[in-house]
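See below for the structure under consideration.
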Amino acid sequence: MPPDWIERQLRRRGIHDERVLAAMERVPREAFVPSGARRRAYADAALALSHGQTISQPYIVALICQALELEGNERVLDVGTGSGYQAAVLSELAADVVSVERIPELAAQARRNLAAAGYDVEVRDGDGWLGVPERAPYDAIAVAATAPEVPEPLYEQLVTGGRLVLPIDESLVCLTRTSAGRRARFLSPVRFVPLVSGLPGPGPGMTGQS
Ligand code: SAH
């Protein structure tokens, strides 16, 4: 029997992909939560990390993974590593996960968390607005910070048929790159921390908080 939280927080809310449910059950979320919050590791909530950042609510992590429609052979980019939790769940679902984080201290902690829990994920320091072009193209990209518009470099780094799940303002959206152009699907209202980019000009610069 899966733990009660899987039933209550995930399945009853519409997470039906069995691979996603199994991955959520396998990843030890307590290994990614700051030590003071371990008791609340499986709470139905986002939890605070250092530097004003958060580890996403389990349901939102599962919703993102489900929308990415992973079957096991994919290369995935995770933007906004934070604790490394989303990256760990993705690595249960895909063949190769690259993650990028702009705050070096968080990236370093995420590398320790992932290694301790036994996950082989490459965590890069950098501006995820730009993606990680050296490892592109990706079958799927998950973004854990909100932007006022789609970062074009991320869309460009998708294969044809690839999926990009990201919050645009307060809407979680799934974009599919097709040969005929982009197709968008609304997933859920959400609150995420801003995707902070060093790029000048309107758009990324307006997300502020740097
Ligand atoms: N996926 C994370 C959630 C972290 S919150 C987890 O499972 O724990 C979002 C993260 O995005 C924060 O760590 C923040 O520092 C990072 N972030 C914000 N803007 C970014 C950018 N331009 N590039 C890379 N990371 C960014």
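Any read-out appearing in this document is the output of simple, stated calculations on the displayed coordinates, not a laboratory observation. If you're wondering where the values come from, they're calculated on a predicted model, not measured in any experiment. We place every Cβ from the backbone using ideal geometry, glycine too, and count neighbours over all the protein chains shown.
Between Asp120 and Arg19, what length comes free when the chain is fully extended (0.36 nm per residue of separation minus the Cα-Cα distance, one decimal in nm)? Kindly include the intermediate steps, with their values, before the conclusion.
Numbers: separation 101, 0.36 × 101 = 36.36 nm, distance 1.88 nm.
Contour length minus the Cα-Cα distance gives 34.5 nm.
Starting from the coordinates of the alpha-carbon atoms of region 129-192, obtain the Kirkwood hydrodynamic radius over all distinct pairs and give the value in Å to one decimal.
Across region 129-192, the inverse of the average 1/r is 11.7 Å.
Would you work out the relative contact order for region 1-150, in percent, from Cα pairs under 8 angstrom that are 6 or more residues apart?
On the way: 245 pairs, mean separation 33.5, N = 150.
Relative contact order here is 22 percent.
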*For peptides 29-41, 123-135, sequence by mean Cβ density within 10 Å, most packed first*: 123-135, 29-41
*Hey, what's the per residue convex hull volume over the C-alpha atoms of region 5-189, in cubic angstrom?*
106 Å³
